[in-house]
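> Got a structure for you, written out below as structure tokens; questions coming shortly.
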Amino acid sequence: MEKHIQKIHDFYNFKKDAAIFQKEFGFYVKGKWKEQGWINDDTDTDELFGFDKSAVFFLGRCGWCEAPLVPSFERKIISTTDECEIEQDNAGRQVLYFKGRRSGFMPTYLEHPVKDIRTLEENILWRLNPDDPKRFEGLEERMSKAAESEKQGYIICANIIGGYMYLRSLIGPEDLLYKFYDDPELIHKCMEIWFDVMDKTCEVHQRYVTVDEVYFGEDICYNHGPLISPDMIKEFLFPYYQQLIANVKKRQSDKNRKLHFQLDTDGNAVTVIDLYKSIGMDYMSPFEVASGCDVVEVRKKYPDLLISGGIDKRILAAGKDAIDKEIDRIMPYMKKHGGYIPTCDHGVPEEVEFLDYMHYRKRMLEY
């Protein structure tokens, strides 16, 4: 087994004091580093920063930050002013942008495609037909790569837009909160559609490979905890999650393969660990430090929880001494206990200087 694949299996198996799998959550700072001349378009940053080769094969086709619409909406400009323009994006949302800028800041969402059952049926239902052949275009080629990756020992991951993220993409972050109270029938109808698409897609993929991990992009927490109550999570999300996970387990070709369940949520994720563990979650990321997450304390309380993330983005911008202090606090303990992949707790921000990040990477490679 190749070294990077062995390292990812050591992570999943909680091998104590094993070499740490090296990767990053993502970057918002590379544009600045290019302007400063530290890197260019030809730079192999994986090699530069000492990252391991990927050891996870993502099956895809189940959305992530937006629902997996087939077809997606036409991207088009709705209106313009001297400084701004309103665009319909691929998820059917009307978004306000500064002219010429599509990244580096939070866009303003003005409209979402679902307001009631009628607009759900008119705008979305037919785009989330689980049996649409276009949903599975290129299937044989993709699954051939998946099967070969499985033979090599890669982790086979069904990456799926979580129910809350999905609802938010359809209805909007503010309106959604009202709909849980005012139109629970709409929420359940949306989740029935979610389940049908995710279950069908997983079923098709499982004809070719055994799944090692179901990975939900959820983003259900803010800085003090979940955006909806635990009771609402149990009522509107968990029945669909539990059925999907049960179906995936039932269909596994290799019945002896453990099925992991990862939840990705920003904000104070610690507040929902017990809740999601109650339906089988055993892996969580990325533990946003500014919201009160501390991976050392999480490891002490949950020795059986796989953890990724937890490196404070603000400390990466605070200089070498601050970086050293944080690494020395976190890494010896986490490496000793296993089951941890350190990454920035979100994309590395523009405030981080290249030489400080290189120092961080040098220190991390000690582990």
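> Is at least one residue of region 173-194 in contact with a helix residue (DSSP H, G or I) (Cβ under 9 Å, 6 or more places away or on another chain), on the phi < 0 side of the Ramachandran plot and part of a loop (DSSP other than H, G, I, E, B)?
The answer is yes, given that some residue of region 173-194 is in contact with a helix residue (DSSP H, G or I) (Cβ under 9 Å, 6 or more places away or on another chain), on the phi < 0 side of the Ramachandran plot and part of a loop (DSSP other than H, G, I, E, B).
> In addition: In region 213-241, which residues are over 19 Å from the mean Cα position of the chain (by Cα) and within 21 Å of ASP199 (Cβ to Cβ)?
Hits for region 213-241 are LYS234, GLU235, PHE236, PRO239.
> Quick one: what pairs do we get from region 3-26, first residue closer than 11 Å to GLY338 by Cα and not assigned by TED's automatic domain parsing to the domain that holds LYS335, second among the charged types (D, E, K, R) and modelled with pLDDT under 95, C-beta under 9 Å, 6+ apart or different chains?
Short answer, once both residue conditions are applied: none.
> Restrict the check to region 153-161 and report whether at least one residue is over 23 Å from the mean Cα position of the chain (by Cα) and of a type outside the set (Ser, Thr, Tyr).
no
> Which one of the conditions (1) of a type in the set (A, V, I, L, M, F, W, C); (2) closer than 26 Å to GLU213 by Cα; (3) in contact with a Cys (Cβ under 8 Å, 6 or more places away or on another chain) does ALA147 fail to meet, given that it meets all the rest?
(3)
> Hey, among the residues in region 316-339 that are of a type in the set (A, V, I, L, M, F, W, C) and assigned to a helix (DSSP H, G or I), which one's surrounded by the fewest Cβ atoms within 10 Å (Cβ to Cβ)?
At the first step, the residues of region 316-339 found to be of a type in the set (A, V, I, L, M, F, W, C) are 316-318, 322-323, 327, 330-331, 334.
Still in the list and also assigned to a helix (DSSP H, G or I): 316, 322-323, 327, 330-331, 334.
Values: LEU316: 23, ALA322: 15, ILE323: 23, ILE327: 19, ILE330: 20, MET331: 19, MET334: 21.
Taking the candidates together, the pick is ALA322.
> Something else: Filter region 10-45 down to the residues that are under 30 Å from ILE307 (Cα atoms) and part of a helix (DSSP H, G or I) and list them by number.
Once the filter is applied, which keeps residues that are under 30 Å from ILE307 (Cα atoms) and part of a helix (DSSP H, G or I), region 10-45 yields ASP10, PHE11, TYR12, LYS30, GLY31, LYS32, TRP33, THR45.
> Which numbered condition trips up GLU35, out of (1) touching a residue at least 60 places away in the same chain (Cβ under 8 Å); (2) more than 24 Å from the chain's Cα centre (by Cα)?
GLU35 satisfies all of (1) touching a residue at least 60 places away in the same chain (Cβ under 8 Å); (2) more than 24 Å from the chain's Cα centre (by Cα) except (1).
> Could you check how many residues of region 135-149 are touching a helix residue (DSSP H, G or I) at 6+ places or on another chain (Cβ under 9 Å) and either closer than 30 Å to ILE187 by Cβ or free of Cβ contacts under 8 Å to residues at least 24 places away in the same chain (or both)? Before the answer, list the steps.
First, the residues of region 135-149 that are touching a helix residue (DSSP H, G or I) at 6+ places or on another chain (Cβ under 9 Å): 135-136, 139, 142-143, 146.
With either closer than 30 Å to ILE187 by Cβ or free of Cβ contacts under 8 Å to residues at least 24 places away in the same chain (or both) added as a condition, the list becomes 135-136.
So the count comes out to 2.
> Take LEU167 and tell me if it is surrounded by fewer than 14 Cβ atoms within 10 Å (Cβ to Cβ), within 30 Å of GLY347 (Cβ to Cβ) and at pLDDT 95 or above.
No, not satisfied.
> Residue by residue through region 83-134, note down the ones that are within 22 Å of the chain's Cα centre (by Cα), more than 24 Å from LYS200 (Cα to Cα) and touching a residue at least 40 places away in the same chain (Cβ under 8 Å).
Across region 83-134, the qualifying residues are ARG93, GLY104, TYR109, HIS112.
> Does region 260-274 contain any residue that is over 30 Å from VAL296 (Cβ atoms) and either free of Cβ contacts under 8 Å to residues at least 40 places away in the same chain or of a type in the set (Lys, Arg) (or both)?
No, that holds for no residue.
> Mind checking which residues of region 40-63 are more than 30 Å from ARG127 (Cα to Cα), touching a helix residue (DSSP H, G or I) at 6+ places or on another chain (Cβ under 7 Å) and either crowded, with 16+ Cβ neighbours inside 10 Å or outside the structural domain of SER169 (by TED's automatic domain parsing) (or both)?
Initially, region 40-63 is screened for residues more than 30 Å from ARG127 (Cα to Cα), giving 40-55.
Then drop every residue that is not touching a helix residue (DSSP H, G or I) at 6+ places or on another chain (Cβ under 7 Å), which leaves 40, 49-50, 52-53, 55.
Within region 40-63, PHE49, ASP52, ALA55 meet the criteria.
> Restricting to region 286-315, and then to whatever is surrounded by fewer than 17 Cβ atoms within 10 Å (Cβ to Cβ) and either free of Cβ contacts under 8 Å to residues at least 12 places away in the same chain or among the charged types (D, E, K, R) (or both), can you tell me which residue is nearest to VAL352 (Cα to Cα)?
So, considering only residues that are surrounded by fewer than 17 Cβ atoms within 10 Å (Cβ to Cβ) and either free of Cβ contacts under 8 Å to residues at least 12 places away in the same chain or among the charged types (D, E, K, R) (or both), the one nearest to VAL352 (Cα to Cα) is ARG314.
> Are any of the residues in region 106-118 at pLDDT 95 or above and touching a His at 6+ places or on another chain (Cβ under 6 Å)?
no
The values are calculated or read from the model by the stated rules, or taken from the named source; none is laboratory data. The model shown is predicted, which means the values in this text are computed figures rather than measured ones. Don't worry about glycine lacking a Cβ; one is built from the backbone with ideal geometry, like all the others, and counts go over all protein chains shown.
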